[in-house]
Structure formats: C-alpha cells, structure tokens
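The values are calculated or read from the model by the stated rules, or taken from the named source; none is laboratory data. Since the model is a prediction, treat every value here as computed from it, not as a measurement. Methodologically, a virtual Cβ is constructed for each residue, glycine included, from the backbone with ideal geometry; neighbour enumeration extends over all protein chains shown.
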Amino acid sequence: VEGDSQKEMTAACTPRRRIINLTSVLSLREEINARGHETLREMLHGHSFVGCVSPQWALAQHQTKLYLLNTTRLSEELFYQILIYDFANFGVLRLSEPAPLFDLAMLALDSPESGWTEEDGPKEGLAEYIVEFLKKKAEMLADYFSLEIDEEGSLIGLPLLIDNYVPPLEGLPIFILRLATEVNWDEEKECFETLSKECATFYSVRKQYVCEDSTLSGQQSDVPASSANPWKWTVEHVVYKAFRSHLLPPEHFSEDGTVLQLANLPDLYKV
Amino acid sequence: NQNVKIVQIPFSMENFKKNFEKHKFDLEQKDEFCLIHNL
C-alpha cells in the first residue's frame, strides 16, 4: 500500500475509464464540489496520523494543531464521493461463495434495527419481496455500482471502492434491507444519490461493526490474527491515506463536531 | 470491461450466519425510524 501512488488507490484508475455524461451524476459531482471546504481539505491533505481512539474517532495533527476526527462520518463521505466520482468504473469484490439475498434479508428482519413487528406480516414474505425487487434492479446495480446479483437471487459481488479495503460485512444484511426500503428508485438522480449514500454508510468505519479482532480487509474471524492487519492498521494506512487525496470535506464538518480542534501549540506554550 | 479489477474475498454464508448471531449491535447507533413501513 505504501508503495502505491495516492492517485492509484481507487479501483477505477485503469487505462480505459468509461466516460460518464449522465446529467444526474454530473450534477451530484457539482454538488460535492460546491459544498467543499478548502481549509479542511488542506488539513486532511497534509495531516499526520496520530492514532485511533476507537473505530469512530482518531487523532491527527496538522501544523501546530491537534484534531479529533470522526472517522465514521469522514469515511462515509469519502465512500460517497468515490461512488459518485468513479461512477460505473469500480472493480469488484467477488464473494468466494454466493450470499442468498433471502438469507441476508431474514437476518436483517430478525435484527431490532429493522423495526419489524408482527403487523408488518411474515418475515419470509417480506424477504421474498426484497429478493424479487432487487433482482429486477440487478442489471443497473451491476453496471453502475458493481453490485452483482445472480439469477438465483444471491449477492456475488460488491464494489471495490479503494484498494485493500473490504467493508465490515456484519452490516451486509441491513444494507440489503435498506436498498429495498431507503433508496428512491423512481427518480434517476435521487436514485443514484440515495443508493450511493446507503452504500457509503455500509462501507464506513462504524463502531457497532468493528470490534477488536476486525480487520476491514476481508479476512474471516477464523484466520489467525497474526496473518491479517488489524482494523487500526487499515484505518491509518488505507482510510486516512485516502482522506489525503480523495476526500473534499463539506463545510459543515467544521461545525458539526466531525472535525474538532483539541489543541494549538502556541496556546500550549502560554499554558 | 476487460480492465475491471476483481478481488476475491473469502465468504461462507454458514459462518456468516453464526458470526452474525453472535454480533451485538450497539443500540445507541440504531436508526429511529422503522424500515419495514417503507416497503
């Protein structure tokens, strides 16, 4: 990873990219640019990584200042921007074994996060509906998002957004459920936007899906920990490295607690 | 597209289900709205 140039981190960096001229996608790119905050971008571009506090928080230094950064929000925005900028140009994370959407939907419906109650009807019926619904969208999902669903209704591929990063798969069931419930499938621009946001949330570094033995590199828990990089390594050397070159942070990150200045060296001298 | 990069990741639905059942969700992070009603 260290040897790669930063601009080659995303899988879309291949010699022959597909040129996207869809008005909807171009408009979403313009919106990202319009809300970008140049000072924050410079800070992320030139930061020195200090360390992870938790999966959600990390410390970074820039010039004379120390910052507390919300890795969850920053990574979510990073993946959203990659999904919009590299639209239809992703590599594929191919699952070694197909994951039946029905089983994933059932796992999600069994989770309290889904909000399922008996009034909603049998979970099996809802799961079957989700499978059939997503199968109808399979061609578009594969073509634009490298989200591959086979004819049997199983997930076989996910988009490769940045090299050496695999999303925490514990979030997969809820992601599948939310694809059916939270995406606006009726309007093109809103569809790409909401779908990208759901995908970005799934890929983000979230504390509920990252535990001490997580890797964020696709390793299963039965692999000896010594053979896989721990999640902290991935956050520092993959995610924060990508922040340097691939993230244009929105202005509100400086106001909503996503980026917090903890200390400034000249002020500490006074103390 | 011949230039598409493909990376295989190990996955077993059987193991995934076992791990998922063990997984404890952080209730503080839950979304408050009900997803099912949007189906």
>> Within the range A:122-134, take every residue that is closer than 21 Å to A:GLU188 by Cα and in contact (Cβ under 8 Å) with a residue 24 or more places away in the chain and give me the one that is farthest from the other protein chains (Cβ to nearest Cβ).
In response: A:LEU134
> Can you pull out the residues in the range A:88-104 that are over 14 Å from A:GLU152 (Cβ atoms) and touching a helix residue (DSSP H, G or I) at 6+ places or on another chain (Cβ under 8 Å)?
Replying inline: A:ALA88, A:PHE90
> Of (1) touching a Ser or Thr at 6+ places or on another chain (Cβ under 6 Å); (2) assigned to a helix (DSSP H, G or I); (3) under 17 Å from B:PHE11 (Cα atoms), A:LEU172 satisfies all except one. Which?
Replying inline: (1)
>> Please go through (1) basic (Lys, Arg); (2) outside any helix (DSSP H, G or I); (3) farther than 18 Å from B:MET13 by Cα for A:LYS135 and return the number of the only condition it doesn't satisfy.
In response: (2)
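Among the residues of the range A:64-73, are any without any contact (Cβ under 8 Å) to a residue 24 or more places away in the chain, assigned to a loop (DSSP other than H, G, I, E, B) and more than 14 Å from chain B (Cβ to nearest Cβ)?
Initial filter on the range A:64-73 (without any contact (Cβ under 8 Å) to a residue 24 or more places away in the chain): none.
No, there is no match, as no residue in the range A:64-73 is without any contact (Cβ under 8 Å) to a residue 24 or more places away in the chain, assigned to a loop (DSSP other than H, G, I, E, B) and more than 14 Å from chain B (Cβ to nearest Cβ).
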> In this structure, is A:PRO173 out of contact with any strand residue (DSSP E or B) (no Cβ under 9 Å at 6 or more places or on another chain), more than 23 Å from B:ILE6 (Cβ to Cβ) and at pLDDT 95 or above?
Replying inline: yes
> Quick one: would you say A:ILE156 is within 12 Å of another protein chain (Cβ to nearest Cβ), touching a helix residue (DSSP H, G or I) at 6+ places or on another chain (Cβ under 8 Å) and not in a helix (DSSP H, G or I)?
Replying inline: no
>> Go through the range A:179-208 and report how many residues are farther than 28 Å from A:VAL53 by Cβ and facing chain B (nearest Cβ under 8 Å).
In response: 3
> Of all residues in the range A:83-110, which are within 29 Å of B:PHE16 (Cα to Cα) and more than 14 Å from chain B (Cβ to nearest Cβ)?
Replying inline: A:LEU83
>> On the basis of being modelled with pLDDT under 95, within 28 Å of A:LEU169 (Cα to Cα) and either in a helix (DSSP H, G or I) or more than 9 Å from every other protein chain (Cβ to nearest Cβ) (or both), does A:SER54 make the cut?
In response: yes
> Is there a residue in the range A:244-257 that is in a strand (DSSP E or B), within 11 Å of chain B (Cβ to nearest Cβ) and in contact with a helix residue (DSSP H, G or I) (Cβ under 8 Å, 6 or more places away or on another chain)?
Replying inline: no
>> Can you find, within the range A:64-99, the residue that is surrounded by the most Cβ atoms within 10 Å (Cβ to Cβ) among those that are out of contact with any Leu (no Cβ under 6 Å at 6 or more places or on another chain) and among the polar types (S, T, N, Q)?
In response: A:SER75
>> I'm trying to understand the selection: among the residues of the range A:228-271, which are among the charged types (D, E, K, R) and closer than 24 Å to A:GLU212 by Cα?
In response: A:LYS232, A:GLU236, A:LYS241
> Residues of the range A:20-39 being of a type outside the set (A, V, I, L, M, F, W, C) and under 21 Å from the mean Cα position of the chain (by Cα), which ones?
Replying inline: A:SER24, A:SER27, A:ARG29, A:GLU30, A:GLU31, A:ASN33, A:ARG35, A:GLY36, A:HIS37
> Do we have A:GLU151 as charged (D, E, K, R), at pLDDT 95 or above and not in a helix (DSSP H, G or I) here?
Replying inline: yes
